[in-house]
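J.: Below you'll find the structure I mean.
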Amino acid sequence: MEWGTIDRRLFLATGAGAALAPAFTHATSPATETRSDGFDFLLGRWNVRHRKLRHRLAGSQDWQDFPGSLNVAPILGGLGNFDVNRLDDPAGAYEAHSLRLYNPAARTWSIWWLDARAPALIPPVVGGFSGTRGSFFADEIFEDRPIKVRTTYEPLARDRAQWTQAFSADGGASWEVNWIMDFRRMA
């Protein structure tokens, strides 16, 4: 991915963007800058089908569907990756980014979500892969109450993958999946 394909203003507006900008100044090759124990399958360009609950942790079964796109590039010699998400949400289209960094000593990934609707660097979800499925967790506050958050990433086929987000209001005893992204690789 070349630097010109990233919206420089939004990327540099994030604290992480300023530190990582040099990684996007040249074309990178997934064949030479990836890790074998994580997100290699997600590198590249994807069409995305978003399915999101309209009301979270409310017993709702009212889902909304909308399209988007995702472009994922390796950084730091494969110890991480950065993506550009374009979401055509019915409430208003927006751009968001994920920053994923691998800690070789702990064998864990940390994932930060950067959202143009509320630009801030919040604590990451942290975890790793068991087989091909990655699971990542964090403690957060949702509507003034503490919750647990779980996200998963999984390759489903060579040109398909999926991300899910789930919330738990009971300490992880039960989970409500509230957002699913189905990825199909672009030709």
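J.: Do any residues in region 111-128 that are more than 15 Å from Leu101 (Cα to Cα) have Cβ atoms under 9 Å from those of residues that are among the aliphatic types (A, V, I, L, M) and part of a strand (DSSP E or B), where the two are at least six apart or on different chains, and which pairs are they?
T.: From residues that are more than 15 Å from Leu101 (Cα to Cα), the pairs are Asp115/Ala96; Ala116/Ala96; Arg117/Ala96; Ala120/Leu114.
J.: Turning to a different aspect of this structure: Could you check, for region 87-109, whether at least one of its residues is in contact with a strand residue (DSSP E or B) (Cβ under 9 Å, 6 or more places away or on another chain), part of a loop (DSSP other than H, G, I, E, B) and among the acidic types (Asp, Glu)?
T.: Checked region 87-109: at least one residue is in contact with a strand residue (DSSP E or B) (Cβ under 9 Å, 6 or more places away or on another chain), part of a loop (DSSP other than H, G, I, E, B) and among the acidic types (Asp, Glu).
J.: In the list Tyr94, Tyr102, which residue meets the criterion of being of a type in the set (Ser, Thr, Tyr), within 22 Å of Phe183 (Cβ to Cβ) and either in contact with a Ser or Thr (Cβ under 7 Å, 6 or more places away or on another chain) or in contact (Cβ under 8 Å) with a residue 60 or more places away in the chain (or both)?
T.: Working: Tyr94 fails: either in contact with a Ser or Thr (Cβ under 7 Å, 6 or more places away or on another chain) or in contact (Cβ under 8 Å) with a residue 60 or more places away in the chain (or both).
Tyr102 is the lone residue from the list that is of a type in the set (Ser, Thr, Tyr), within 22 Å of Phe183 (Cβ to Cβ) and either in contact with a Ser or Thr (Cβ under 7 Å, 6 or more places away or on another chain) or in contact (Cβ under 8 Å) with a residue 60 or more places away in the chain (or both).
J.: Shifting gears a bit: Would you please name the residue that is modelled with the lowest pLDDT, looking only at residues in region 60-105 that are among the aliphatic types (A, V, I, L, M) and under 18 Å from Ala118 (Cβ atoms)?
T.: Step one: list which residues in region 60-105 are among the aliphatic types (A, V, I, L, M), which gives 70, 72-73, 75-76, 79, 84, 87, 91, 93, 96, 99, 101, 105.
Going one step further and asking which of them are under 18 Å from Ala118 (Cβ atoms), we end up with 84, 87, 91, 93, 96, 99.
Numbers: Val84: 98, Leu87: 98, Ala91: 93, Ala93: 97, Ala96: 97, Leu99: 97.
Among those residues, the one meeting the criterion is Ala91.
J.: Of everything in region 118-140, what is modelled with pLDDT under 95 and over 15 Å from Gly38 (Cα atoms)? Give them in sequence order.
T.: Ala118, Pro119, Ala120, Leu121, Ile122, Pro123
J.: Going by the structure shown, is Thr14 at pLDDT below 90 and either more than 21 Å from Pro124 (Cβ to Cβ) or touching a Ser or Thr at 6+ places or on another chain (Cβ under 6 Å) (or both)?
T.: Working: at pLDDT below 90: yes; either more than 21 Å from Pro124 (Cβ to Cβ) or touching a Ser or Thr at 6+ places or on another chain (Cβ under 6 Å) (or both): no.
Answer is no for this residue.
J.: How many residues does region 140-182 contain that are touching a residue at least 12 places away in the same chain (Cβ under 8 Å) and part of a strand (DSSP E or B)?
T.: Taking region 140-182 as the starting set, the residues that turn out to be touching a residue at least 12 places away in the same chain (Cβ under 8 Å) are 140, 142-143, 145, 147-155, 158-169, 171-172, 175-182.
Still in the running and part of a strand (DSSP E or B): 140, 142, 145, 147-155, 160-168, 176-182.
Matching residues across region 140-182 total 28.
J.: Related question: If you check Arg185 against the conditions, is it without any contact (Cβ under 8 Å) to a residue 40 or more places away in the chain and either more than 12 Å from Leu57 (Cβ to Cβ) or not hydroxyl-bearing (Ser, Thr, Tyr) (or both)? Break it down into steps so the answer makes sense when it comes.
T.: Values: without any contact (Cβ under 8 Å) to a residue 40 or more places away in the chain: no; either more than 12 Å from Leu57 (Cβ to Cβ) or not hydroxyl-bearing (Ser, Thr, Tyr) (or both): yes.
So Arg185 fails the test.
J.: Right, Leu57: in a loop (DSSP other than H, G, I, E, B), modelled with pLDDT of 95 or more and either of a type in the set (Asp, Glu) or closer than 20 Å to Ser135 by Cβ (or both) or not?
T.: On the way: in a loop (DSSP other than H, G, I, E, B): yes; modelled with pLDDT of 95 or more: yes; either of a type in the set (Asp, Glu) or closer than 20 Å to Ser135 by Cβ (or both): yes.
Yes: the conditions hold for Leu57.
J.: Right, next: More than 16 Å from Ile180 (Cα to Cα) and either outside any helix (DSSP H, G or I) or among the aliphatic types (A, V, I, L, M) (or both): does that describe Arg51? Walk me through how you get there before you give the answer.
T.: Details: more than 16 Å from Ile180 (Cα to Cα): no; either outside any helix (DSSP H, G or I) or among the aliphatic types (A, V, I, L, M) (or both): yes.
So Arg51 fails the test.
J.: Can I ask one more? If a residue must be in contact with an Asp or Glu (Cβ under 6 Å, 6 or more places away or on another chain) and aliphatic (A, V, I, L, M), how many such residues does region 126-146 contain?
T.: Number satisfying all stated conditions: 0.
The values are calculated or read from the model by the stated rules, or taken from the named source; none is laboratory data. Here the structure is a predicted model, which is why all the values come from computation and not from measurement. FYI the Cβ positions are ideal-geometry reconstructions off the backbone, even for glycines, and counts take in every protein chain you see.
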